[in-house]
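K.L.:
Can you read through this structure? Questions will come right after.
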Amino acid sequence: MSSNIPADLKYSKEHEWVRVEGNRATIGITHFAQDELGDIVFVELPETGQELTANSTFGTVESVKTVSDLFAPVSGRIVEVNQALADAPEQVNQDPYGAGWMVVVEMSNPGELDELLDAAGYAQHTAE
């Protein structure tokens, strides 16, 4: 498994990753996604307290090439937003699984995690 697809995360087909800790899910975009987008110049994220529904849009990522929607891999309430990305959106390019995280959600339906891909499944999805 490549280091660009950490084995401990879950992945959506829309190229978001989820790191689960208890009932909380940290969400960001994958290395593959940021690589496809190119240099990220702006990230628009929702407010803390907003409710997300799985597969709905929760923000946008703007690169020099395009603007892409962000899709929620799970449902729940946003409990934390990575405010650092407002001033340093390039962190998504530099460290997509670390400093480039986007939101933390308190999951309302952890069963939705079963719908997501594991690292091997995501590697296969991005190889197609």
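K.L.:
Ranked from the most accessible area to the least, with a 1.4 Å probe and all protein chains present, what is the order of Arg77, Arg19?
P.N.:
Accessible-area ranking of Arg77, Arg19, largest first: Arg77, Arg19.
K.L.:
Here's another thing I want to ask about it. For the chain, I need the span (max minus min coordinate) of the C-alpha atoms along each principal axis, in Å, sorted largest to smallest.
P.N.:
Reported extents, whole Å, longest axis first: 36, 34, 21.
K.L.:
So, one more: Rounded if a/c is under 1.5, else prolate if a/b is larger than b/c, else oblate: which is region 52-101, with a ≥ b ≥ c the root eigenvalues of its Cα gyration tensor?
P.N.:
Taking the square roots of the gyration eigenvalues as a ≥ b ≥ c, region 52-101 is oblate.
K.L.:
If you stretched the chain out fully between Gln83 and Glu21, how much longer would it get, using 0.36 nm times the residue separation minus the C-alpha to C-alpha distance? The partial results should precede the final answer.
P.N.:
On the way: separation 62, 0.36 × 62 = 22.32 nm, distance 2.04 nm.
Extra length from Gln83 to Glu21 when fully extended: 20.3 nm.
K.L.:
With n ≥ 4 as the cut-off for DSSP H runs, can you work out [θ] at 222 nm for the chain, using -39500 (n - 2.57) per run divided by the number of residues, rounded to the nearest 500?
P.N.:
-4000 deg cm²/dmol
K.L.:
If packing is taken as the average number of other Cβ atoms within 10 Å across a peptide's residues, how do 25-34, 92-101 rank, most packed first?
P.N.:
Averaged packing, sorted descending, gives the order 25-34, 92-101.
The values are calculated or read from the model by the stated rules, or taken from the named source; none is laboratory data. No experiment lies behind these values; they were computed from the predicted model shown. Note that each Cβ is placed from the backbone with ideal geometry, even for glycine, and that neighbours are counted across all protein chains shown. Protein only, heavy atoms only, side chains kept; ligands, DNA and RNA dropped before computing areas. Shrake-Rupley method; radii C 1.70, N 1.55, O 1.52, S 1.80 Å.
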